[in-house]
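The values are calculated or read from the model by the stated rules, or taken from the named source; none is laboratory data. Here the structure is a predicted model, which is why all the values come from computation and not from measurement. Heads up, the Cβs are rebuilt from the backbone with ideal geometry, glycines too, and the neighbour counts pull from every protein chain shown.
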Amino acid sequence: MSAQNKSAKLPPLDLSKWRKVPALLIGVGLVIAVIGAAFNIKQFAFSYLLAFMFCLSICLGSLFLVLAHHLFDAGWSVATRRFCEHIASLLFPVMFILWLPIGLFFRKTLYSWMTVAVPDEALKAKNPLFTQAGFWVVSIGIFAVWWILTRGLRSWSIKQDTMGGSLPTYKMRTYAYWGIFAFAVTLTLGVFMWMKAMEYHWFSTMYGVYYFAASVWMTLGLVYVITMVLDRQGVLTEVLHEHQFYFIGSLMFAFTVFYAYIHFAQYFIIWNGNIPEETFWYIEREHGTWFLIGMIIIFGHFFAPFLGLLRIDVKSSFPYMTAMACWMWLMHYFDISFNIHPVDHHNGFPWLWMPVDLACIAFMVGILAMVFLKKYASAAPYPLKDPRLIEAMGHYHPVPTQLSGGELDQADNLHGGPEAGHSH
């Protein structure tokens, strides 16, 4: 039995008790975060940055899925395109507003190069990027590009529901063809300026790809859960077929391998080069319990999902894939922590401050969820006049050469026989 048929026969979920979850996340997360900030404002700054980079992953991963849909002219992803557009559009202004405390209040706490009196050679080599002015110009430029890109894609997608025709499709494809290059550049600059810059002596040309792979990997788990919930509610049932859940699960599997390849390649190249300006980053992440976090990433971020997603049938199991998605989100948290917390905690993972990390994540996720639900309610749940909609529904219109002999005779009779058909 297909995934669609199985979910369609199940009763709809009772989502009434979940309506207050975003507000609850905001309230509880804010209270715990404020308490943490009162005890140690420096630690709170690191926890806030961690939460920001975690939530940024969701928005950027969704933007990539929308861009990939248009670039490949995909049919199966029509059903998921609309809510991915809503999530991607959270990059501006929501994520920009959430970034402002980093730029206004925490930048000197997080980035030591901003307080250096005499720049060393490593800092001079990154001039003018790693300067006060460069930090602000690049950051604002990044959000400006994301705003133009996500606003254009979402607005033309909604216009397509009423306009129809080919114009909205061509407009979105135009945004996608230049947007994929802008996406790569801005994502790389963003992760360099906001996360890698915490240790400005370190060099890695693969860091942007590394963050990209982890972001899409984690986002695919969220997309799978949202798709299954909307299918269970009957919202997307008509535009889903059994292959779509398999495709999303297959992408989860593919990015599991891709992330592991990029992370290992970065480690192997740096360790093989044996340059002190590069190796120190991994050396300091082998002290204390950071070695344990490294093992959690190796076995939990790669081996567990790799083996767990090998079977085809599990990709159609909602309870199993929901648990897998939650596991992926947890692993992504440890992965982001592995990049941020060793700067201030050299001897091991700050387990006592983990509640503050999760509180900041809960606060931001609650805000994103609340805005997302408003955007979702303001438009159709899926593109109503997408040219690939029929294909997404699993219907295919055969061309005349694919008709059987009896169907050809019947078509000829409608047109007055074979001779009449040839005369046309």
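Taking every residue in segment 281-309 that is within 30 Å of residue 321 (Cβ to Cβ) and pairing it with any residue that is outside any helix (DSSP H, G or I), at least 6 positions away or on another chain, the pairs with Cβ-Cβ distances below 7 Å are 293/349. Just one of (1) free of Cβ contacts under 8 Å to residues at least 12 places away in the same chain; (2) more than 26 Å from residue 95 (Cβ to Cβ); (3) not in a loop (DSSP other than H, G, I, E, B) fails for residue 123. It is (1). So which pairs qualify, if the first residue must be in segment 44-55 and within 14 Å of residue 334 (Cα to Cα), the second must be at pLDDT 95 or above and not in a helix (DSSP H, G or I), the Cβ gap must be under 7 Å, and the two must be at least 6 apart or on different chains? Listed by first residue and then by second, the contacts come to 53/195. In segment 229-238, the condition of being touching an Asp or Glu at 6+ places or on another chain (Cβ under 7 Å) and farther than 30 Å from residue 126 by Cβ is met by at least one residue.
Of all the residues that make up segment 5-26, how many are of a type outside the set (S, T, N, Q) and either within 13 Å of residue 106 (Cα to Cα) or exposed (fewer than 14 other Cβ atoms within 10 Å of the Cβ) (or both)?
Pass one, segment 5-26, residues of a type outside the set (S, T, N, Q): 6, 8-15, 17-26.
Pick out the ones that are also either within 13 Å of residue 106 (Cα to Cα) or exposed (fewer than 14 other Cβ atoms within 10 Å of the Cβ) (or both) and you get 9-15, 17-20, 23-24.
The total comes to 13.
Of all residues being surrounded by fewer than 17 Cβ atoms within 10 Å (Cβ to Cβ) and basic (Lys, Arg) in segment 99-125, which is nearest to the chain's Cα centre (by Cα)? Just the residue, please. The residue in question is 108.
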